[in-house]
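Handing you a structure now.
Laboratory data are not the source of any read-out in this text; all were calculated from the coordinates shown. These numbers were taken from a predicted model, which means no experiment stands behind them. Cβ placement follows ideal geometry from the backbone for every residue including glycine, while neighbour counts extend to all protein chains displayed.
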Amino acid sequence: MFREFLPAYFAAANLLAFALCGWDKWAAKRGARRVPERRLLLFCALGGSPAFLLGMALFRHKTRKPQFFVGVPLILAAQLALLALAVRFL
């Protein structure tokens, strides 16, 4: 049951992280209400880091902030390490 749920969860998390990155860039250009940085990083930590990295590159967003250009790849590396451990031991 749990294994069937994971692909849908990660697809949704990545889609949402990518959309939030695009939305925040759109809001930044227009002076509208922004997505808090903590929320963006939370969605990365919840599994959306690959799509957020893609969004950073495509939208040229959050590329100068160290917590994003360093933090998001570190989150992704940690997630990949956990995935490798899970695949090996589960």
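Mind checking Rg over Rh on the chain, alpha carbons, Kirkwood formula for Rh?
1.03
Please state the charge dipole magnitude for the chain, taken about the Cα centre, from unit charges on C-beta atoms (+1 on K and R, -1 on D and E), reported in debye and rounded to the nearest 20.
For this selection, approximately 480 debye.
Dipole of the stretch 7-59, Cα-centred, from +1 at each Lys and Arg C-beta and -1 at each Asp and Glu C-beta, to the nearest 20 debye?
Here the size comes out at about 280 debye.
Then there's this: Positive end of the dipole of the chain, charges at C-beta (+1 Lys, Arg; -1 Asp, Glu), about the Cα centre: which of 46, 85, 6 has its Cα farthest in that direction?
So the residue we want is 46.
Using only the alpha-carbon atoms, how far is helix 2-30 inclined from the longest principal axis of the chain? Give it as 0 to 90 degrees, nearest 10.
So the helix axis and the longest Cα principal axis differ by about 10 degrees.
Would you mind calculating the relative contact order of the chain from Cα pairs under 8 angstrom and at least 6 residues apart, reporting the percent as a whole number?
Computed over the chain, the figure is 28 percent.
Give me the distance in nm between label points sitting 7 Å out from Cα along the Cα-to-Cβ direction at residue 89 and residue 19, one decimal.
Roughly 3.5 nm, to one decimal.
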